[in-house]
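The values are calculated or read from the model by the stated rules, or taken from the named source; none is laboratory data. No experiment lies behind these values; they were computed from the predicted model shown. Quick reminder, even Gly has a Cβ in these numbers, built from the backbone with ideal geometry, and neighbours come from all protein chains shown. Each accessible area value is taken on the protein alone, full model and side chains, heavy atoms only, with ligands, DNA and RNA left out. Shrake-Rupley method; radii C 1.70, N 1.55, O 1.52, S 1.80 Å.
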Amino acid sequence: MKLSNTFLAFSIFLTAISPMSAISKTTETYTLVIHGGAGTLLKKDMTIQKEKEYKAVLNQALIKGYDVLKNKGTSLDAVEAAIKVMEDSPLFNAGKGAVFTHEETNELDASIMDGKTLKAGAVAGVKTVKNPITAARIVMEKSPHVMMTGKGADEYAKSKGAEIVDPSYFYTEHRYKALKKIQESEKLELDHNSKKKSDLNNKKNSYSYDKKFGTVGAVALDIYGNLAAGTSTGGMTNKRFGRVGDSPIIGAGTYANNDTCAVSATGHGEFFIRSVVSHDISALMEYKGLSVDKASQEVVMKKLVKLGGEGGVIALDRNGNISMTFNSEGMYRGYIKSDGKANVFIYK
Ligand code: ASP
């Protein structure tokens, strides 16, 4: 007994003087959660082929981010890597597949946040940056600012080495057709086409009712215990006058804080801004002690619904607990943990 006590005391002493104790702790657990937008996603409206294509890109994004985390990369690297995969796909309303503005241009928004330092970066209305999420990260890491807009943001990203493309890179036929269709009715639309004509006619000059939000986002927890979140979008079809949604707004579309959670949102941006969705979820955890899922439910299923806002969030806490909550018909979403098994979902 006496001997084991002495041994214990000696081990504690050794641990205390060991240089290892100065190295920050790592764990073998890590998690990545992604979304590719929420909205009126019904199985009956989807072809087997389309569903396969969406799932393939979601899987690819998960694997890309997983590789980063597995190789001891940071949550910020994983978030950026996963989002870039979806930005490079024409399927999602971000990067390559961005929707058209009223003026037949593509104006992209993105933001990123580091849960460890609470540093954040965002760009809005960029037209030439191939991967707006990278531009957002450049703003966070290389400038003293949080948000840059328009031409200035494009120029700054270029000066710091972001990949620049001709605006025609963002042309996709299906998005252009969607614009032409919606221009006839002079409405704004969130991603794809409206189907419920009766609802549309009743809601003159408002948003369409049958919505799909193809915005993309990711939240991650790395082996160092750090959280990060990012979101990227083309915004709304037929948007005008420099309209900016929630995606590049820290606290609305994106938020990360190691003390609480990392959140990325998708949905009808105006409502998400007014509800300060992402920060609200964090605040419910911080001030009321709610779990990440309870907090997400509270904001997405109650607060947003009361206001009439449609969409969803992905959220992740520092213990790897996940919430993928949406009040719409579906949300392209998925997660992967340290075991490397990718899980993707579309419908409720
Ligand atoms: N939240 C985005 C916006 O309002 C749209 C989306 O999620 O697809 O710009």
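Structure notes:
- Just one residue in the set Lys50, Lys64, Lys72 is assigned to a helix (DSSP H, G or I) and at pLDDT 95 or above; that residue is Lys64.
- Test result for Ala124, buried (at least 24 other Cβ atoms within 10 Å of the Cβ), in a helix (DSSP H, G or I) and under 17 Å from the mean Cα position of the chain (by Cα): no
- Selection of first residues in segment 103-121 that are within 16 Å of the ligand (Cβ to nearest atom) and of second residues that are among the acidic types (Asp, Glu), restricted to Cβ pairs under 8 Å at least 6 apart or on distinct chains, gives the following pairs, ordered by first then second residue: Ile112/Glu80.
- The residue list Lys288, Lys294 contains one member that is open to solvent by 20 Å² or more (accessible area, probe 1.4 Å) and within 14 Å of Phe326 (Cα to Cα), which is Lys294.
- Residues being within 14 Å of the ligand (Cβ to nearest atom) and either touching a helix residue (DSSP H, G or I) at 6+ places or on another chain (Cβ under 7 Å) or assigned to a strand (DSSP E or B) (or both) - total across segment 256-275: 8
- Index of the failed condition, Ser278 passing every other in (1) without any contact (Cβ under 8 Å) to a residue 40 or more places away in the chain; (2) within 16 Å of the ligand (Cβ to nearest atom): (1)
- So Ile63, is it of a type in the set (Val, Ile, Thr) and under 18 Å from the mean Cα position of the chain (by Cα): yes
- Gly253 being near the ligand (Cβ under 9 Å from one of its atoms), closer than 17 Å to Ala220 by Cβ and either surrounded by fewer than 21 Cβ atoms within 10 Å (Cβ to Cβ) or not β-branched (Val, Ile, Thr) (or both): yes
- Scanning segment 238-250 for residues that are more than 9 Å from the ligand (Cβ to nearest atom) and out of contact with any Lys or Arg (no Cβ under 7 Å at 6 or more places or on another chain) gives Arg240, Phe241, Gly242, Ile249, Ile250.
- Segment 266-285: number of residues that are closer than 17 Å to Val79 by Cβ and touching an Asp or Glu at 6+ places or on another chain (Cβ under 6 Å): 0
- Some residue of segment 16-24 being open to solvent by 10 Å² or more (accessible area, probe 1.4 Å), under 18 Å from Leu227 (Cα atoms) and at pLDDT below 80: yes
- Taking residues in segment 311-323 that are within 16 Å of the ligand (Cβ to nearest atom), and partners anywhere that are of a type in the set (Val, Ile, Thr) and open to solvent by 40 Å² or more (accessible area, probe 1.4 Å), the pairs with Cβ atoms closer than 9 Å and at least 6 places apart or on different chains are Ile314/Ile322; Ala315/Ile322.
- So Gly235, is it within 15 Å of the ligand (Cβ to nearest atom), more than 19 Å from Met324 (Cα to Cα) and buried (at least 24 other Cβ atoms within 10 Å of the Cβ): yes
- Residue within segment 265-272 that is among the charged types (D, E, K, R), open to solvent by 10 Å² or more (accessible area, probe 1.4 Å) and without any contact (Cβ under 8 Å) to a residue 12 or more places away in the chain present: no
- The single residue among Val99, Val129 that is at pLDDT 95 or above, over 21 Å from His35 (Cα atoms) and surrounded by 24 or more Cβ atoms within 10 Å (Cβ to Cβ) turns out to be Val129.
- For segment 305-348, a residue qualifies if it is in contact with a His (Cβ under 9 Å, 6 or more places away or on another chain) and either in a strand (DSSP E or B) or buried (at least 17 other Cβ atoms within 10 Å of the Cβ) (or both), and the qualifying residues are Gly309, Glu310, Gly311, Gly312, Val313, Ile314, Met324, Phe326, Met331, Tyr332, Arg333, Gly334.
- Residue within segment 103-114 that is surrounded by fewer than 24 Cβ atoms within 10 Å (Cβ to Cβ), in contact with an Asp or Glu (Cβ under 8 Å, 6 or more places away or on another chain) and not polar (S, T, N, Q) present: no
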